[in-house]
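Engineer: First, the structure itself, so that you have it in front of you.
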Amino acid sequence: MGEDLRGFARLIAEKRHFRKLWISHMISLIGDWLSYIAVAVISVERGDSALAVGMVLFVHSLPTALMTPIAGPLADRLDRRWLIVGGYFGAALLTFGMWGAAQQKTVWILQAVLFFRVCLSGVAMTARAAAIPALVGREDLRLANALLGLTWSVMFSVGLALGGLAAEYLSPSGAILLDAMTFVAAAVVASTLPALKPQIGEDGPPKVGFADMHRAWRYVAKRPQLMANVLAKTPPIVFNAGAWVTLNLVAGHRLSPLSVAVAIGVMQCIRAVGTGIGPLMPERILPRDPRVGSLVAFSGMALFVGFDGIWCTVAALALWGIGQGHNWVIATAEVQAATPDHLLGRVTAIDLCLLSLGGALASVLAGLVCDLFKDPTAGAWVTFGLAALGWFYCLALSKKSPVDAP
């Protein structure tokens, strides 16, 4: 861990353009989590069902999948800097719209605007991930992604803590207004990045649509180990969706002295701390294999869903975060290292599409199952079964040899 921390300091000090990307990302993350709790609280208070809670994660996830045929080719065709900046400014404008809907406590309008905001954020997210190798070099990819993972963890904790307090003391709409301001600040910082034009392959610049996405998919499909890493985040995300619904439904009960907003914030903060620790764990303790991280995350989520004691809940949330943070960072670094620059935007988009689609559908399924059985944990167990099938498929892929192909 000490070596990684020294590496983080070196990256921040020596890679000034990566430092700008990191700072803009950090600012936007604070805002993301400010509104995350606000929208969840409004949905719990006004939606009156587990499905309403599941829809919060659905509208946070599905747009990323739907934007894949647009975000991937754009990130391999246009200057990635302006895609990042445009995504932040567009998200700011839409968040002001969310604020107006929150003032009226109109859940369906709030979630509809959030849906379009996440669409724009998906373009920026794809461009940002595709830009990292050019800013740090492929030799520092694991370190850079670990730093971004740690930053996500810290900002998740800070943002959710602030979000819980803001939703409680300023009102949920006040938290969303703060979110809009952070997107503006992030865009200003990102605008100081250098040009980040992608390399163009032999087939020329990709066009928006499925044809050029299919070319990237064929590249991945002929390389089973790359495919295993592209798919590696999806199984834990599927179980995460079900456990997330459970968390929002039981937080007020398990931390009963606290309000729902603050209880959700505290639980998510504990999970976030684990997410930052996971990528920093020594290799002898947690091997650098994303499937190992998935198993740790599975154990934490199962413990959280199955037992409701306070200390058991704390330990479960920590394991949940450690495993998911480790899985995300290692899988991302492996995908970036194995993909040529001219395909990196599209392969990144495929990665994000699969995990977002899996999380979105699993959250709705979990909400429906919870409502059907009148049990806040029922949906999580269904998503666990689906996640386990996905994990075994990824394991089988990782054992295959590459197919001979260009």
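Engineer: Restricting to segment 337-349, name every residue that is surrounded by fewer than 24 Cβ atoms within 10 Å (Cβ to Cβ) and in a helix (DSSP H, G or I). Walk me through how you get there before you give the answer.
Structural biologist: Within segment 337-349, the first condition is being surrounded by fewer than 24 Cβ atoms within 10 Å (Cβ to Cβ), and the residues that meet it are 337-338, 340-343.
Once the filter is applied, which keeps residues that are surrounded by fewer than 24 Cβ atoms within 10 Å (Cβ to Cβ) and in a helix (DSSP H, G or I), segment 337-349 yields ALA337, ALA338, ASP341, HIS342, LEU343.
Engineer: Looking at segment 245-281, which of its residues are surrounded by fewer than 24 Cβ atoms within 10 Å (Cβ to Cβ), more than 16 Å from THR377 (Cα to Cα) and not aliphatic (A, V, I, L, M)?
Structural biologist: Within segment 245-281, SER256, PRO257, SER259, CYS269, GLY276 qualify.
Engineer: Identify, please: which residue in segment 210-238 is of a type in the set (S, T, N, Q) and buried (at least 20 other Cβ atoms within 10 Å of the Cβ) and is, among those, nearest to the chain's Cα centre (by Cα)? Can you show your working first?
Structural biologist: Filtering segment 210-238 down to residues of a type in the set (S, T, N, Q) leaves 225, 229, 234.
Within this subset, residues satisfying the condition of being buried (at least 20 other Cβ atoms within 10 Å of the Cβ) are 229, 234.
Details: ASN229: 16, THR234: 11 Å.
This residue is THR234.
Engineer: Out of all the residues in segment 75-111, which are buried (at least 24 other Cβ atoms within 10 Å of the Cβ) and not hydroxyl-bearing (Ser, Thr, Tyr)? Working first, answer last.
Structural biologist: In the first step, residues of segment 75-111 are kept if they are buried (at least 24 other Cβ atoms within 10 Å of the Cβ); the result is 75-76, 80, 83-84, 87-88, 91, 95, 98, 102, 110.
ALA75, ASP76, ARG80, LEU83, ILE84, GLY87, ALA91, MET98, ALA102, LEU110, listed by residue number.
The rows are residues; the columns are (1) touching a Pro at 6+ places or on another chain (Cβ under 6 Å); (2) aromatic (Phe, Trp, Tyr); (3) closer than 30 Å to LEU83 by Cα.
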| position | (1), (2), (3) |
| --- | --- |
| ASP308 | no, no, no |
| ILE322 | no, no, no |
| LEU357 | no, no, yes |
| CYS370 | yes, no, no |
| ALA378 | no, no, no |
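Engineer: Can you name the condition, by its number, that GLY367 falls short on among (1) within 23 Å of ASP289 (Cβ to Cβ); (2) at pLDDT below 95; (3) crowded, with 20+ Cβ neighbours inside 10 Å?
Structural biologist: Condition not satisfied by GLY367: (1).
Engineer: With segment 189-298 as the region, which helices (runs of 4 or more DSSP H) entirely inside it contain at least 1 residues that are farther than 25 Å from CYS353 by Cβ and out of contact with any Gly (no Cβ under 9 Å at 6 or more places or on another chain)?
Structural biologist: On the way: elements: 210-221, 224-231, 234-254, 260-277.
The qualifying helices (runs of 4 or more DSSP H) are 234-254, 260-277.
Engineer: In segment 290-334, which residue that is under 25 Å from ASP4 (Cβ atoms) and among the charged types (D, E, K, R) is surrounded by the fewest Cβ atoms within 10 Å (Cβ to Cβ)?
Structural biologist: Out of the qualifying residues, it is ARG291.
The values are calculated or read from the model by the stated rules, or taken from the named source; none is laboratory data. These figures come from a predicted structure and were not determined experimentally. Methodologically, a virtual Cβ is constructed for each residue, glycine included, from the backbone with ideal geometry; neighbour enumeration extends over all protein chains shown.
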